[in-house]
Amino acid sequence: MSLVAVINISSASVEGLLMETGRPKPKILGSFSVETNPSFVFKADFLEREIKKALEATFKNLAKKAGPKGADEVFCLLASPWYAGQTRILHFSDQEPFEVTPFLINKLKEDEKKLLKDKDLRLVEKEEVKYVLNGYAMENPFGKRTKNFELYLYISFAKKNFMNEVEGLAKKFLKTPAVSFQTASFVGFKGLKSLFCLKDNFLFIDFSEETTEVVLSRDGYLEETASFAQGSHYFVRRLAQALNIPLGEAVSLLGQYEENHLRPEEKQKIDAILEEAKEKWLSLFARVLEGMSGAFFMPQKIFFLASGGFFDNLLSFAGARKFARLGEFSAIKPISQPALVSHFVSRPGLSLPQKNLTAIFALFVNKGNKM
């Protein structure tokens, strides 16, 4: 068994999980979450400073739980906007049939990696997601002969300095240089595909504090990712601006709204403000979906990696709409946190992961990144 730390670096919060791996169900030893405070105006440099403070606080809490020996490994999940990723299609063809070999695939991947010229960026992932031989997708292309070969490669990057700082915190607080990085798009895709035995088309949406991230899977392959800068903090800002109140008060008010603790006249006022904000969020959401759909219809199976009274309200709002060429959302599936935490071993009174993506990532790690 190994003692590992799992760190979910969301758009404006950090959640850390300490667990024992090497068993069918990982054992949770501790979970810690640090939220950043929203600002009236979204500023990337301010957000990065705040997220680094949250990272240090999370590592300190995990170190107290891990003890003087620290952890064996640290696994970090980067969510939007801390990385950029896309699925690239790499082509190789010849007039004569050739054999698909590991050497050919590695050469295509290395050639793609050389295209990275920005010295401030660092490679996070280069994952093979699909093989196409003479126009036909195959699970295992090795040893097959073809004249045309396509490799679908999911490739992602992040700021080198940001990743280096995370590694420095892991070494300082958890006494380990063994730090691995993954991205929310890839882990969410692999995790949902495994947990729900998905083989057809699906879409998943991660609604976080500052961003909404959308991932499209077709025929069981990760095809496209996109995001836009509106999450839960966008609705907090709209409340604060409309009511001329501090952001902290707006956070509290939104919490009361979620829990249905407002008087009818107060709720009516909040409803009107949020209705306008939801329309703006929905217009950006629809634009992303339209850009992804191309000549195809979008999947009707849609997974939302978020929860809470307000998000459920937003989910219903989106579900009631119909987009051009997209049809109606006939199979919207909010992910149930109890269903995810049932895959872990814990004990009464121990705090469990608050974010669904943290739980999915932890399961991904426990299975050796092979969900």
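For the reader, a short list of remarks on this structure follows.
- For Glu165: the one exception among (1) closer than 30 Å to Asp72 by Cα; (2) out of contact with any Asp or Glu (no Cβ under 7 Å at 6 or more places or on another chain); (3) crowded, with 18+ Cβ neighbours inside 10 Å: (3)
- Among the residues of the range 5-24, those identified as at pLDDT 90 or above and not in a strand (DSSP E or B) are Ser10, Ser11, Ala12.
- Residue count for the range 137-191, restricted to those that are over 20 Å from the mean Cα position of the chain (by Cα) and among the hydrophobic types (A, V, I, L, M, F, W, C): 10
- Looking across the range 74-115, the residues that are of a type in the set (Phe, Trp, Tyr) and not in a helix (DSSP H, G or I) come down to Phe75, Trp82, Tyr83, Phe92, Phe98.
- Looking across the range 287-301, the residues that are crowded, with 16+ Cβ neighbours inside 10 Å, of a type in the set (A, V, I, L, M, F, W, C) and either at pLDDT 80 or above or out of contact with any strand residue (DSSP E or B) (no Cβ under 7 Å at 6 or more places or on another chain) (or both) come down to Val288, Leu289, Met292.
- Total residues in the range 37-50, condition closer than 21 Å to Ala250 by Cα and not aromatic (Phe, Trp, Tyr): 7
- Of Gln230, Gln241, all but one fail to be modelled with pLDDT of 90 or more, buried (at least 17 other Cβ atoms within 10 Å of the Cβ) and either of a type in the set (S, T, N, Q) or not assigned by TED's automatic domain parsing to the domain that holds Glu48 (or both); the exception is Gln230.
- Top-ranked residue in the range 197-222 [being of a type in the set (D, E, K, R) and within 15 Å of the chain's Cα centre (by Cα); ranked as farthest from Gly255 (Cα to Cα)]: Glu213
- Taking the range 117-133 as the range and being in contact (Cβ under 8 Å) with a residue 40 or more places away in the chain, within 17 Å of the chain's Cα centre (by Cα) and within 20 Å of Phe162 (Cβ to Cβ) as the test, the residues that pass are Val124, Glu125.
- Close pairs from the range 186-199: first free of Cβ contacts under 8 Å to residues at least 60 places away in the same chain, partner assigned to a loop (DSSP other than H, G, I, E, B) and loosely packed, with under 15 Cβ neighbours inside 10 Å, Cβ under 9 Å, at least 6 apart: Lys199/Asp219
- Of the residues making up the range 82-127, those that are of a type in the set (D, E, K, R) and in contact with an Asp or Glu (Cβ under 9 Å, 6 or more places away or on another chain) are Arg88, Lys109, Lys126.
- The set of residues in the range 134-181 that are of a type in the set (Lys, Arg) and either assigned to a helix (DSSP H, G or I) or without any contact (Cβ under 8 Å) to a residue 60 or more places away in the chain (or both) comprises Lys144, Arg145, Lys147, Lys160, Lys171, Lys172.
- Among (1) of a type outside the set (D, E, K, R); (2) surrounded by fewer than 20 Cβ atoms within 10 Å (Cβ to Cβ); (3) at pLDDT 75 or above - the single one Met371 does not satisfy: (3)
- Any chance Glu266 is charged (D, E, K, R) and either in the same structural domain as Glu127 (by TED's automatic domain parsing) or under 29 Å from Phe189 (Cβ atoms) (or both): no
The values are calculated or read from the model by the stated rules, or taken from the named source; none is laboratory data. This structure is a prediction, so every number in the text was calculated from the model and none was measured. In this analysis, Cβ positions are derived from the backbone assuming ideal geometry, glycine residues included, and neighbour counts consider all displayed protein chains.
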